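One structure is given here, and the rest of the page talks about it.
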Amino acid sequence: MNNKGTIVQWNHQKGFGFIQPQRGGDNVFFHISALVDRQSRPRINEGVYYELSTDSKGKKSAKSIIFVKPHSGMDKYTAPMSKAQGFSVLFLALVAGWVWLARCPYWVLIGYICLSIVTFAVYAHDKRAAQKDGWRTKEASLHLLALVGGWPGALWAQKILRHKSQKQPFKAILWLMIIANITVFIMIFTPFGYHWLHNATAFVSHLF
């Protein structure tokens, strides 16, 4: 590592930032995939060692980045909550509130929590399999878990484990599963959804 610098910019959501070289000159771009310790997250004004690489267009970027001061193994759990994680927490809080108001059976909330734990564990297993070139979990199975209610666990696994967090169209399909699951919840457990579903069923019955 013949280069040393300081992280001066970091976009946590998009996973990239810039390093200011200690020797001076233009800031160097880096992607999260260039970190040697991919379980940790960069911090502003943090010192790093790195190597320079050049892409096909001649643009310089940093690779093989090592933190001057090693991070704690708990960093991945204490990193700022993402919008997706916040959304999942908000949804579960709303479900809990709906249970408390006796508008929804308690087992629905328990189901979401249990399925989320299972989904997180499946993502962790799949990531280990990917690292060891082992037997992978089918993406269809991951999407099915999300559809039946494990999607909060999927969102947390993407953030903490950094697994399936960049791949498209996986992310797009995952959000379709989330929307479908929430739609079913609204249709079954809210007055608006119940009345809409009742009217739609009556309309279809009238047609036939």
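Pick out the one residue from Ala157, Ala172 that is within 23 Å of His31 (Cα to Cα), surrounded by fewer than 14 Cβ atoms within 10 Å (Cβ to Cβ), under 16 Å from the mean Cα position of the chain (by Cα) and of a type in the set (A, V, I, L, M, F, W, C).
None of the other options fit; the residue is Ala172.
Got at least one residue in the range 97-113 being open to solvent by 20 Å² or more (accessible area, probe 1.4 Å), basic (Lys, Arg) and closer than 26 Å to Thr190 by Cβ?
Checked the range 97-113: at least one residue is open to solvent by 20 Å² or more (accessible area, probe 1.4 Å), basic (Lys, Arg) and closer than 26 Å to Thr190 by Cβ.
Got at least one residue in the range 106-123 being at pLDDT below 90, outside any loop (DSSP other than H, G, I, E, B) and out of contact with any strand residue (DSSP E or B) (no Cβ under 8 Å at 6 or more places or on another chain)?
There is no residue in the range 106-123 that is at pLDDT below 90, outside any loop (DSSP other than H, G, I, E, B) and out of contact with any strand residue (DSSP E or B) (no Cβ under 8 Å at 6 or more places or on another chain).
Taking interchain pairs and intrachain pairs at least six residues apart, which have beta carbon atoms under 8 angstrom, with the first residue in the range 13-26 and closer than 19 Å to Val68 by Cβ and the second in a loop (DSSP other than H, G, I, E, B)?
Gly17/Pro42; Phe18/Asn27; Ile19/Asn27; Gln20/Asn27; Pro21/Asn27
Determine which member of the set Ile7, Ile44 is in contact (Cβ under 8 Å) with a residue 24 or more places away in the chain, more than 25 Å from Lys167 (Cα to Cα) and touching a Pro at 6+ places or on another chain (Cβ under 6 Å).
Ile7
Name the residue that is most open to solvent (accessible area, probe 1.4 Å), counting only residues in the range 36-58 that are of a type in the set (A, V, I, L, M, F, W, C) and more than 11 Å from Ile7 (Cβ to Cβ).
Top of the filtered list is Val36.
The values are calculated or read from the model by the stated rules, or taken from the named source; none is laboratory data. These numbers were taken from a predicted model, which means no experiment stands behind them. All Cβ positions, even for glycine, are placed from backbone atoms using ideal geometry, and neighbour counts span all protein chains on display. Side chains included, ligands, DNA and RNA excluded: accessible areas come from the protein's heavy atoms. Shrake-Rupley method; radii C 1.70, N 1.55, O 1.52, S 1.80 Å.
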